[in-house]
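Below is one structure, written out as structure tokens; the observations come after it.
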Amino acid sequence: MIEPKFKKINEDVKTFKDLENDIIKSNLCCACGACIAYCESQSFDVIEMENYSPKFKSDKNAENCRECGLCYFICPQTSPLLDKLNQAYCVEDEIGQVLDVIAAKTTNKAIENVGQDGGIVSTILTYLFEEHMIDAAIVSECDENFEPIPKIIYDKNYLLKSAGTRYSISSQILPLKELYDLSEEILEKLGVYEVDQLHLAFIGTPCQCRALSKMKLMHIKPAHIIKYIIGLFCFENFNYSQLYEIIKKETKVPPTDIKKTWIKKNFFIKTKDDKEFELDIKTLDPAVRNHCHECDEFTARFTDISVGASGAPKGYSMILIRTENGENIIKELLSRGFIEQLIVDNVSEWNTKKINWFKKLLSFKTKK
Ligand SMILES: Cc1cc2nc3c(=O)[nH]c(=O)nc-3n(C[C@H](O)[C@H](O)[C@H](O)COP(=O)(O)OP(=O)(O)OC[C@H]3O[C@@H](n4cnc5c(N)ncnc54)[C@H](O)[C@@H]3O)c2cc1C
Ligand code: SF4
Ligand code: SF4
Ligand code: SF4
């Protein structure tokens, strides 16, 4: 039997070809992987990620495109759905809805040793796994070359491997496409009959959280099983190969020798033998991803909880609680001693000061 070809019925529908023209070829793609994760999980077999850029797998595969237009809709860099997303997350200004803002750090020594700042993200995930509130989490690990690997983990014992920040793109939504290939053995181990019964948490940069929130807004698979979205503050992100080329040129340190990197005005590198290097952040400008120059997010508006270091004392993280979901988690973490809150004298004055600080940083970012 000849398969019927379902093609677009409305000429106004924008498809992957438009995504190529409007976003990818204009260097606005943030390589989140949402377009591919959606398309692949529907088994359309059309597009793939190559060198941090989505493309048709081949001319032959391009013919499989149903021209459904969903990849264009959910792309975080396109405008459809943004108004509805703002409404859903009660976003009224550039920082977004904030129910509370606190500074805190983990009480778990193992996480403290490897966490980027206050180890809050890994502690939240530990709690969610221990309380069986999630079966899996999408995190970012890295390989021996310090290159990020987006990954779904099904066990809290893998969390220490993902702790810490790698300042280059990790296509965090891409792993969602693997979900429908999970073996029955794994599902049985997780105690479910089908993928749709799983509960996941997602960690990502603001643009990635925006893509995922668009997918959730449209109730499309496989984003419907993400129950918690945790966003990371993000001023800018880097192209992996350009970043480590510059670092190697300036410090002679290859990525294989790096243990940790962090940004505190400048870029810092700690090697596996505990030597520290400081690089003027401007030296790294040529490696900044183009889409980051156009970005108007810093604290991740479309999340349950946003976490970052800016504004927090050393060893602590700033936590923006945005939804009731997020509020319940942080309350539990505090009352059960998973995390320890920084005590401040005048809470409301402190909160206002912090929000104004984030607004100032965001304004600096968008003017840069
Ligand atoms: C590209 C980038 C830029 C950032 N810029 C800023 C900034 O300007 N100001 C600021 O205050 N904070 C920034 N952050 C956030 C900060 O570096 C920490 O991630 C945050 O403070 C959480 O620290 P933690 O100790 O609670 O997390 P941990 O417990 O150490 O967990 C860190 C989590 O980050 C995830 N992760 C690591 N690398 C990546 C990646 N490349 N992409 C997506 N997820 C990743 C891991 O999966 C892990 O779950 C940035 C993060 C990234 C990824
Ligand atoms: S089938 Fe739909 S989601 Fe896949 S590439 Fe074509 S328009 Fe995009
Ligand atoms: S959905 Fe993500 S990966 Fe796809 S084009 Fe948009 S930004 Fe790029
Ligand atoms: S600066 Fe903006 S576009 Fe760039 S990675 Fe961060 S959130 Fe995404």
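Structure values in brief
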| item | result |
| --- | --- |
| Theoretical FRET efficiency, 1/(1+(r/R0)^6), r = Cβ-Cβ of E178 and D93, R0 30 Å, to 0.05 | 0.20 |
| Fewest-first ranking of T261, T251, T123, using other Cβ atoms within 10 Å as the exposure measure | T251, T261, T123 |
| Surface/4 of the Cα convex hull for segment 16-81, nm² | 4.0 |
| R0 of 35 Å, Cβ-Cβ distance K353-A62: FRET efficiency to nearest 0.05 | 0.10 |
| Over segment 16-81, relative contact order from alpha-carbon pairs under 8 Å, at least 6 apart, % | 35 |
| Estimated dipole of segment 16-81 in Debye, rounded to 20 [Cβ of Lys and Arg +1, of Asp and Glu -1, Cα centre] | 60 |
| More than 11 Å apart - percent of Cα-Cα pairs taken over segment 240-287 | 65 |
| Relative contact order %, the chain, counting alpha carbon pairs below 8 Å whose residues are six or more apart | 21 |
| Rg(Cα) / (2.2 N^0.38 Å) computed for the chain, rounded to two decimals | 0.99 |
| Rounded Å value of the spacing that divides the Cα centres of segment 75-136 and segment 167-191 | 20 |
| Rg to Rh, two decimals, where segment 206-269 supplies the alpha carbon set and Rh follows Kirkwood | 1.16 |
| ³J(HN,Hα) computed for each position of segment 187-196 - Karplus, 6.51 cos²θ - 1.76 cosθ + 1.60, integer Hz, glycine/proline x | 4, 4, 4, 7, x, 10, 8, 9, 3, 4 |
| Order of I263, I330, I24 under a 10 Å beta carbon neighbour criterion, fewest first | I263, I24, I330 |
| Rounded FRET efficiency, nearest 0.05, which uses the C-beta distance separating T366 from L82 and R0 of 22 Å | 0.85 |
| Antiparallel DSSP beta bridges within the chain, percent to nearest 5 | 75 |
| MRE, 222 nm, helices only [DSSP H, n ≥ 4, -39500 (n - 2.57), over the chain, to nearest 500] | -8500 deg cm²/dmol |
| The chain: angle of helix 240-251 to the longest principal axis, Cα-based, in degrees nearest 10 | 30 |
| Net dipole in debye of the chain [+1 Lys, Arg Cβ; -1 Asp, Glu Cβ; about Cα centre; nearest 20] | 980 |
| Burial ordering of C39, C207, fewest other beta-carbon atoms within 10 Å first | C39, C207 |
| Debye equation applied to the C-alpha atoms of segment 81-167, log10 I(q)/I(0) at 0.17, 0.20, 0.24 Å⁻¹ | -0.87, -1.00, -1.08 |
| Where labels lie 7 Å past Cα in the beta-carbon direction, separation of E188 and N145 in nm | 3.8 |
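None of the figures in this text is laboratory data; all of them are computed from the coordinates on show. As the structure is a computational prediction, the values presented were derived from the model and not from experiment. Note that we place each Cβ from the backbone using ideal geometry, even for glycine, and neighbour counts take in every protein chain shown.
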